[in-house]
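For reference, the structure is listed below as structure tokens.
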Amino acid sequence: MSPKVVVAALVALAVGLVGGLALGRSSGEEESPTTDSVAAGFARDMQTHHDQAVEMSWIVRDRTDDRLVRSLAYDIARTQSHQSGQMAGWLQAWGLKPTGPGERMDWMKGVGHSHGDDAHTLQEDGSMPGMATPAQLDKLKSLRGEEAEVYYLQLMIRHHEAGVPMAEVGRDHSKNDAVEVLATSIIESQTAETRTMTTMLEERGGKPLD
């Protein structure tokens, strides 16, 4: 099966899994999450994480003619834009503000998760793990062709690898059925996409970023 077919199938799976859960409620009498809950923190920070993935994907689509990279970028942009809007809708339905108390990633601390401190340690500029810096985004915008493809894949692999631990905490500790379903789909799709992107990067002679 080609990488393009794999990516398309994953997108269909992700969209299908989250369909009908726009309000972030379970079928039972589940109470709405509080502003300092894992569910709310996940919705806020994963939305920000997704929004940058969408931005990077639209950037590279305008800078390469490679059909596979353009298809991958479109699929990531479409899926993560949909999920970002869904999470924004949850916060509205829960009566919560788009931003929460404390620093980003605070909701991941103290839950006894297996990923350790690195999973929620902010970068030097205060951004979340895996996020591209403004300078890196500017560099991506300056490149064309295979150079743009390689740099996009490098940035997006790192981005996905940082997003998966966030989703794992959301899945395991949110106490919200809809969050668990979305987080599970993110883990599955981004893990598979990372494998696909790693192969694509190797085919272009590139190596993952440090």
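Summary of values
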item	result
Å² of accessible area per residue within segment 69-210, as computed with a 1.4 Å probe and no ligands counted	47 Å²
DSSP-loop GluC sites (Glu not before Pro) across segment 61-150, with at most 13 other Cβ within 10 angstrom	GLU103, GLU124
Segment 85-108 residues near the modelled ASP51 label - backbone nitrogen below 19 Å, point 7 Å along Cα→Cβ	85-107
Computed lengthening from ALA93 to THR191, 0.36 nm per intervening residue step minus Cα-Cα distance	32.3 nm
Most to least packed among 88-97, 168-177 [average Cβ atoms within 10 Å]	168-177, 88-97
Candidate aspartates and glutamates - alpha carbon under 14 Å from LYS141, same-chain residues fewer than 8 apart omitted	GLU55, ASP62, GLU149
TYR74 versus ASP106: modelled label distance in nm, points set 7 Å from Cα along the beta carbon direction	4.2 nm
Inverse of mean 1/r across different Cα pairs in segment 121-187, Kirkwood, Å	13.5 Å
Positive minus negative residues near GLU147 (Lys, Arg vs Asp, Glu; Cβ under 11 Å)	+2
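The values are calculated or read from the model by the stated rules, or taken from the named source; none is laboratory data. Keep in mind that this is a model prediction, so the values were computed, not measured. Note: ideal-geometry Cβ built from the backbone for every residue, glycine included; neighbour counts use all protein chains shown. Quick note on the areas: whole protein, heavy atoms, side chains included, nothing else; ligands and nucleic acids left out. Shrake-Rupley method; radii C 1.70, N 1.55, O 1.52, S 1.80 Å.
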